[in-house]
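First up is the structure itself, then whatever we jot down about it.
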Amino acid sequence: MKRIILLLIVPILLLSNNKIIMEKRKTIVTIFTEEAGKTKLVAGVKFGTNKLITCAHSFLNKHDNFAIIDTLVPDSIPKSIDKPKILAINYKKDIAIILVPGANWKNSSKLSKLKFTKDDLIYAIGSPIGKQGGLITVGKFIKENSWRLHSDVLIDHGNSGGAILDKNGDLIAISNKTIILKATRENLGTYATKISSIYKVME
């Protein structure tokens, strides 16, 4: 009887986690920037009531023109007189913080309080080119240092600036890039800036 109960509980827990992660797609927006006449697409993560966190490498400077689209919660981006602006940017840690005047996020990201060990499951949500609206990929935690997290979760172009989440759907880090060996196409993993670094960028 105990074995039957356990077998029933595990799928229910997995299904519950999947629903939580799916719901977190609403914390992701798509950001369009221009560089040398070419449009670039990255993801951004809702943070607090009116801020977005994204990667810095898509911006040449704090005064770049950019547009924000929220495909899952269109009304979350207010039609304000004041345009969104970059509050802070750190190219070394590849983090940018954007203020969206008039926004009042109802579904912004919560910060993870979990401690991670090798092979713990983590999730990436972003806006890969042609797939706006939050595509989810899953991978395993590998290691971390004081400001960067390394995992084997695979992200595509457009996922940069998206969220790395724990099993509860809470925010761990912001995606930067995936390293792939050109010769063998071997995936060496994805690097992301830990949320603990965000506050230092804002100071």
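Observations on the structure shown:
- Looking at Lys83, Lys51, Lys19, just one residue is under 24 Å from Ile155 (Cβ atoms), loosely packed, with under 13 Cβ neighbours inside 10 Å, out of contact with any helix residue (DSSP H, G or I) (no Cβ under 8 Å at 6 or more places or on another chain) and at pLDDT 80 or above, and that residue is Lys19.
- Taken as a whole, the structure leaves Asn50 outside the set of residues that are over 26 Å from Arg148 (Cβ atoms) and out of contact with any strand residue (DSSP E or B) (no Cβ under 9 Å at 6 or more places or on another chain).
- Leading residue by the ranking (nearest to Ile53 (Cα to Cα)) among those in region 148-165 that are surrounded by fewer than 18 Cβ atoms within 10 Å (Cβ to Cβ) and modelled with pLDDT of 80 or more: Arg148
- When the strands (runs of 3 or more DSSP E) confined to region 18-64 are screened for residues that are more than 16 Å from Ser109 (Cβ to Cβ), those reaching at least 2 such residues are found at 28-35, 38-47.
- Residue check, Lys115 assigned to a loop (DSSP other than H, G, I, E, B) and under 17 Å from the mean Cα position of the chain (by Cα): no
- Selection over region 86-126 of residues that are at pLDDT below 85, under 17 Å from Thr30 (Cα atoms) and surrounded by fewer than 18 Cβ atoms within 10 Å (Cβ to Cβ) gives a count of 1.
- Selection status of Lys79, more than 18 Å from Ile125 (Cα to Cα), in a loop (DSSP other than H, G, I, E, B) and in contact (Cβ under 8 Å) with a residue 60 or more places away in the chain: no
- Figure legend. Inter-residue proximity from region 36-60: first residues at negative phi, second residues acidic (Asp, Glu), beta-carbon distance below 7 Å, spacing 6+ or different chains. Indicated pairs: Cys55/Asp94; Ala56/Asp94; His57/Asp94; Leu60/Glu35.
- Look at (1) touching a Leu at 6+ places or on another chain (Cβ under 8 Å); (2) part of a strand (DSSP E or B) and you find that Ser109 fails only one, number (2).
The values are calculated or read from the model by the stated rules, or taken from the named source; none is laboratory data. Predicted, not measured: the structure shown is a model, and the values here were computed from it. Neighbour counts run over all protein chains shown; Cβ positions are idealised from the backbone, glycine included.
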